[in-house]
Amino acid sequence: IARVESQLASLEAAADYTPSLRMRQAQADLLGGRPREAWLLFEGLATNPAIDRELRTQAHYRWILAAAALGRWDEALAIARAFVAQNPVSDLAPTALYMIAEAHLQQQRHGEAVVVLGDLIAHFPAHEMLPRFIFTRGYCLAVLNRLDEARDEFARCAAEFPNSPPASSARLWH
């Protein structure tokens with residue numbers, strides 16, 4: 001019994017028996033098409049104050065991805081808003097804001113998506129996803145029948161970022 005208890009103690013203290021192992025398991029679940037399991041693990045890690053802040057931040061961000069993978073857009077929106085409120089200067093904040101815009105799009109709330117995308121464009125002008133932000137904003141404006149504004153966004157995307165992935169679509173939509 002003493003030997004088994006000693007083995008148990010060493011397993012619990014081992015480097016791989018940590019929150020980072022649960023994080024890797026959750027990421028594997030998310031990538032493996034098991035977003036419900038990933039959600040549970042990410043949520044547990046993100047809401048546990050005993051865990052390192054950086055790991056909680058990463059788990060919180062991935063929790064948004066799990067919610068989106070499940071198509072639970074209201075929850076994804078709430079989780080993303082909480083992430084941005086808790087981590088406004090994180091490198092992941094622009095992507096989380098973009099996921100908020102995506103959640104609005106999935107719920108057919110294009111006006112709210114336009115506002116979020118406008119904030120993204122204004123506050124993160126050097127972000128690598130800026131062409132995607134501009135194109136998506138143009139799309140939302142087109143859906144809202146604000147065609148002049150949409151045309152301006154598509155023209156901006158194509159002119160300022162001619163080699164970006166959304167540039168050819170922007171030229172077509174323009």
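The values are calculated or read from the model by the stated rules, or taken from the named source; none is laboratory data. Remember, predicted model here, so these are calculated numbers, not experimental data. Neighbour counts are summed over all protein chains in view; Cβ atoms, including those assigned to glycine, are modelled from backbone coordinates with ideal geometry. The protein model used for the area step is the full one, side chains on, heavy atoms only, and it has no ligands, DNA or RNA in it. Shrake-Rupley method; radii C 1.70, N 1.55, O 1.52, S 1.80 Å.
See the values below:
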{"read-out": "Residues residue 53 and residue 31, FRET efficiency given R0 of 22 Å [Cβ-Cβ distance, rounded to 0.05]", "value": "0.35"}
{"read-out": "Average Cα contact separation per residue, region 1-150, under 8 Å, 6 or more apart, as relative contact order %", "value": "13 percent"}
{"read-out": "Net charge of neighbours whose Cβ lies under 15 Å from the Cβ of residue 60, counting Lys and Arg as +1 and Asp and Glu as -1", "value": "0"}
{"read-out": "Ranked packing of 129-136, 50-57, most packed first, by mean Cβ within 10 Å", "value": "129-136, 50-57"}
{"read-out": "GNM result for the chain, Cα springs below 10 Å: residue of 38, 126, 93 fluctuating most strongly", "value": "126"}
{"read-out": "Local net charge near residue 174, Cβ-Cβ under 11 Å (Lys/Arg +1, Asp/Glu -1)", "value": "+1"}
{"read-out": "Å² per residue, accessible surface of the chain at 1.4 Å", "value": "56 Å²"}
{"read-out": "Accessible surface of the chain [probe 1.4 Å, protein heavy atoms]: carbon and sulfur percent", "value": "55 percent"}
{"read-out": "The chain, helix-only ellipticity at 222 nm - DSSP H runs n ≥ 4, -39,500 (n - 2.57), divided by all residues, nearest 500", "value": "-24000 deg cm²/dmol"}
